[in-house]
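Reading through the structure tokens given below for one structure.
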Amino acid sequence: MRYAVTLDTTRCNLGGARRWFLCPARGCGRRVAVLYGGKVFACRHCYGLAYPSQSESASDRAARRADRIRERLGWEPGILNGYGGKPKGMHWRTFERLVTEHDKWSDLSCALMFGRLAWLSGAGR
């Protein structure tokens, strides 16, 4: 199938310009950065696609936030893995703040997972 895909341009605040696709799907016309292929090229709204974070549970979201902190600390990924040391050059105050924040997200993730497991096993009903 052959059809035209229109481009649109917007000015950037600090100069220059940004190019966008206008979704060619019938009745859409959204300005988007990415078009997805299928029978026709269309935006994610037309195809009903969601970002991965939109379908994750609250416990997954908390674990992801804890893992992001673990990455910043240079620790092994995974909230059930042990603690690592303080990265060289990081202030102790920053390290302690990040460990406290990691523990908060890790504890929340575990509590939500255990609560869900209890509910699924029938103990929470």
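Some values worked out for this structure:
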{"item": "Which listed residue, of ALA50, ALA62, is among the hydrophobic types (A, V, I, L, M, F, W, C) and assigned to a loop (DSSP other than H, G, I, E, B)", "result": "ALA50"}
{"item": "Long-range neighbours under 6 Å by Cβ, at least six apart or interchain, first residue more than 10 Å from VAL5 (Cα to Cα) within region 18-44, second among the polar types (S, T, N, Q) and in a strand (DSSP E or B)", "result": "ARG18/THR10; ARG19/THR9"}
{"item": "Yes/no for TYR36 being within 19 Å of the chain's Cα centre (by Cα) and either outside the structural domain of GLY115 (by TED's automatic domain parsing) or modelled with pLDDT under 90 (or both)", "result": "no"}
{"item": "THR6 of a type outside the set (Gly, Ala, Ser) and at pLDDT below 95", "result": "yes"}
{"item": "Of all residues making up region 65-87, the number that are outside any loop (DSSP other than H, G, I, E, B) and aliphatic (A, V, I, L, M)", "result": "3"}
{"item": "Matching residues in region 10-27 - criterion: being within 26 Å of the chain's Cα centre (by Cα) and either closer than 12 Å to PHE41 by Cα or of a type in the set (Lys, Arg) (or both)", "result": "ARG18, ARG19, PHE21, LEU22, CYS23"}
{"item": "Any chance ALA118 is in a helix (DSSP H, G or I) and exposed (fewer than 15 other Cβ atoms within 10 Å of the Cβ)", "result": "yes"}
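The values are calculated or read from the model by the stated rules, or taken from the named source; none is laboratory data. None of these values were measured; they are calculated from a predicted model. Ideal geometry is used to build each Cβ from the backbone, glycine not excepted, and the neighbour counts take in all protein chains shown.
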